[in-house]
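The values are calculated or read from the model by the stated rules, or taken from the named source; none is laboratory data. All values reported here derive from a predicted model rather than from experimental measurement. Cβ: placed from backbone, ideal geometry, glycine included. Neighbour counts: every protein chain shown.
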Amino acid sequence: MKLIVLTSLFLWGICFSIQAQTPVVSSFPKNSIRLGVDHLSLDAPDGTARRVMLRYNRHFTQRWTLEGGMGYLSTPHTLRALDLVLEGKRRERVMLEASIFFDVLKHPNHAFRLGGGPAFWYRDEELLGHAQYRILNNTHILNYLAEVNHVKGHSLGYQLAADYEYRIPEVNVSLGARFTFANLDTAISSMLGLTAGYHF
């Protein structure tokens, strides 16, 4: 926990130092808003899900970027026990992330950024566990018993990302793709997604 906080403060300090020491090209948009959809891994039994992310980027230079993002995930939760399929409450998560990125390309419209930073996830879920049931006359289920685990709380950790973005200079609209790896104190997840943004 202390290491994550100190690392975050260190990254913020570097970013503001770069802003003070390095001039920004006046013709280059200094801000952008990006909307993305990520396909991410979940713990069993669901396996995968999709989240929506809204990100704000502050471009201090053409190569250094500070990003803050907020995401939301809502996916159905089911449990299969032989021929029986139980449907539980939807799994919901709220995600907050902050990152600092460095662009390895020297191009005004193409960017390939590498970076990372702290991640905070909150979830309130009811997960279905082991299920037992009895069948009457081979056609109707007489009764069933399912284990329900209530998982509520937050997870703190870090995330690393590789991000490609192409900006169309005539309209300042961008399209991109991103791979993210998140390591939190209660979960590890990998994500692959697409983004669309506007620079101003």
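Quick notes on this structure:
- Residue within segment 149-159 that is surrounded by 14 or more Cβ atoms within 10 Å (Cβ to Cβ), in contact (Cβ under 8 Å) with a residue 40 or more places away in the chain, of a type in the set (A, V, I, L, M) and touching a Gly at 6+ places or on another chain (Cβ under 7 Å) present: no
- The residues of segment 146-200 that are under 18 Å from Gln62 (Cβ atoms) and of a type in the set (Lys, Arg) amount to a single one, Arg167.
- When the residues of segment 160-187 are filtered to those that are out of contact with any strand residue (DSSP E or B) (no Cβ under 7 Å at 6 or more places or on another chain) and over 18 Å from Leu105 (Cα atoms), the one that is surrounded by the most Cβ atoms within 10 Å (Cβ to Cβ) is Val171.
- Restricting attention to segment 174-200, the residues being of a type outside the set (A, V, I, L, M, F, W, C) and outside any strand (DSSP E or B) number 2.
- Look at segment 86-107: where a residue is exposed (fewer than 14 other Cβ atoms within 10 Å of the Cβ), no partner that is among the acidic types (Asp, Glu) and at pLDDT below 95 sits 6+ places away or on another chain with Cβ atoms under 6 Å.
- Filter result (of a type in the set (D, E, K, R) and modelled with pLDDT of 95 or more) within segment 76-110: Glu97, Asp103
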